[in-house]
Structures are given as structure tokens and as C-alpha cells.
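Any read-out appearing in this document is the output of simple, stated calculations on the displayed coordinates, not a laboratory observation. Note that the structure is predicted; figures quoted are calculated from it, not measured. Every residue, glycine as well, gets a Cβ built from its backbone with ideal geometry; the counts of neighbours run over all protein chains shown.
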Amino acid sequence: MADTTADTTADTTLEKANTAGSAAPAADWRSRGTARRSTHTLRLRVSATLVAVTALAVLLVPPLVQLDQQAVDLASKLLPPSWAHPFGTDDVGRDLLLRCIYGLRVSLLVGVVAALTATVIGTAVGATAGALGGWVDRLVMRLVDTLSSVPHLLLGIFIVAMFRPGVWPVVVSVAATHWLSTARIVRAEVLSLRSRPYIDAAVSGGASRWRVVLRHLLPGVLPQAGLAAVLMIPHAMWHESALSFLGLGLPTHTASLGTLIQGARGTLLAGQWWPTLFPGLFLIIPTLAIAGLAGVWRERINPRRRSELML
């Protein structure tokens, strides 16, 4: 009888230990999921706030505060940050905060227009290659591979060098060199959609090839194409800044983030750090915010990745 009681007590103790051991990983799993969701929400809020502040600054400040791009005030040359000039002044006495906002407006204009243009070109090329298939697909993708083998910056320099310095040559240069990745993404998505049952049903019902493309395939690739466009905006902004830094993009008197950084190289060596730091922050922070929003979008249109993040 005593042995039976001892066995029962041991079994009960072992069962409680197993229950506690299984409850601990479950509690840890739930705590990790909660932490990931809170981090995800925080990233979304911070990115959305930064993008909203950037949009308001570039839309409202230039109409309200006019800035003469060619003004010179040598008496205020290279003043450090102060209440009168929060970001200091540049090497000819212009307020650096206003110059950064004007430069951000130009860089965003180039980035948005170039990204949309490249997305339209890439979507059209990728959808055509994926829908037609056969020799058309092979020919188009070999063309994409050939152009991709040339460095983007080198090809962009070649295109910009054929025009006078200005905003639109930079837009053409960035758009002409950045549609290749979108074409690959859209083609892969079209090839995936072609194997879906509703596409077979549409073809069996007598729908023409172009009707299937316009009514079924294109709507299916638009979320991926839109995500590619958003992710391309920061890339285009950095590309424009690189061209302007090299002196091949915009005229030197036109404020863009690239020209501001290029003009501040000598002041940095002389110990004046603010003409380089603040344009660099105006380039880095908005691009990180846009990339953060794009990451949230990617998680929403990819249910599998979203479910993994929620665990």
C-alpha cells in the first residue's frame, strides 16, 4: 500500500513538472510574439510620422518662405547653428535649414517621378515577357540581363552627360537604369499567376491573351509593382545625390541634397561640420522612413511572412 502511494505521488510530481516545463515555452512564445508586434507597431508609427513631417515640410515651407538660390551674404558666412539659423549657414551665408528643405524637395521630386516612370516601364516589360513567353520572354530577359551587367551609376553618368544639367535629365537617367529589377519581379509574378486555376478558366472560356493580361494578370501584380516603386524612391534619391555630388546632375546653384554635400567638402576639412551633417541627415532619415513603410507593406501583402512575424 505504501509502495502504491509512493508511485502515485511520484507520477503526480512528474506530471506537474512536465506541465510546468510545457507552460514555460508557451509563455515565452507568447511574450516573443507580443514583443515582435509592439516593435512592428512602433516602426510603423515612427516611419509614418517621419514621412508625414517630410511631406509637410517640402509642401508648405517653400511656398511660405522664399529662398533666393543665388543670394550671397558673406557677413553671415559659415555661422554655426543658433536660434536665428538652427542649422547654421553655408559658405556664402544662406540659411542651411531652408537650403536642406529646398534640396529635399528636389531630391524627392526626382525620386518619386523616376520611381514611378521606372515602375511603369518595368511592369510593362515584365508583364509582356511573362504573358507571351517563348522566344519573346527569352529575348526580353536577355536584354534585361545585359543591361543589368552594366553598373547603374556608370550608365546613369553616360545618360546625364548627353544633356545639359537639370532635373529632368537626372529623372531620365534614374528611370532608365532602375526599371530592370521591377521587370524581373513582375515577370516572376506573372509566371506564378499563369498557373492559377482562374487563369485556366478564363482561357477555357474564350478570353483572349490580352484580355487575360489586362483583367487578371496586371491586377495581380500591381501590389508587387507598387511595393517596388516605393522601395525605389530611396534608391533614386541616393542615385540623384551621387550624380549631383559628382557635378553631373543639377547645377551647383540649385539646392539638392547632393549639391549641398558636394559644396560642403571643403568646410568639413576646415572644421565646420554642419554644412555636411544636416544635408546628410536629410538624405538618410527620409530614406529610412520610406524603407520602413515599404517593409510594413511587404509584410501585409505577404501573408506567410506576416504570420511568421506575428509568432
Students often check this: by mean Cβ neighbours within 10 Å, which of 73-81, 279-287, 219-227, 253-261 ranks highest, and how do the rest follow? 253-261, 279-287, 219-227, 73-81
Chymotrypsin sites (Phe, Trp or Tyr not before Pro) within the range 44-116: which are DSSP loop residues with at most 13 other Cβ atoms inside 10 Å? 83
Evaluate the relative contact order of the range 102-251 (contact order divided by residue number), counting alpha-carbon pairs under 8 angstrom at least 6 apart; express in whole percent. 41 percent
At a Förster radius of 41 Å, what calculated FRET efficiency corresponds to the Cβ-Cβ distance of residue 268 and residue 196, to the nearest 0.05? 0.15
Residues with amide H under 5 Å of residue 89's amide H, sequence separation 5 or more or different chain, H placed in the peptide plane at 1.01 Å from N; which? 78, 79, 96
Name the long-range amide H neighbours of residue 73: under 5 Å, sequence gap of 5 or more, or other chain; modelled H, no Pro or chain starts. 93, 94
Order these peptides, 153-166, 121-134, by their mean beta-carbon neighbour count within 10 angstrom, highest first. 121-134, 153-166
May I ask you to evaluate 6.51 cos²θ - 1.76 cosθ + 1.60, the Karplus curve with θ = phi - 60°, for each residue of the range 50-61 and list the ³J(HN,Hα) values in order in whole Hz, giving x for glycine and proline? 5, 5, 5, 5, 4, 4, 5, 5, 6, 8, 9, 5
Net length gained if the chain between residue 153 and residue 45 were fully extended (0.36 nm per residue, minus Cα distance): 35.5 nm
Given the options 98, 109, 139, identify the residue whose Cα lies farthest towards the positive end of the charge dipole of the range 71-208 (+1 on Cβ of Lys, Arg; -1 on Cβ of Asp, Glu). 139
Would you please put 236-244, 185-193 in order of how densely packed they are, using the mean number of other Cβ atoms within 10 angstrom per residue and starting with the highest? 236-244, 185-193
Counting alpha carbon pairs within less than 8 Å and at least 6 residues apart, what relative contact order, in whole percent, applies to the range 191-311? 21 percent
Per its Cα gyration tensor (rounded if a/c is under 1.5, else prolate when a/b beats b/c, else oblate), the range 127-176 is best filed as prolate
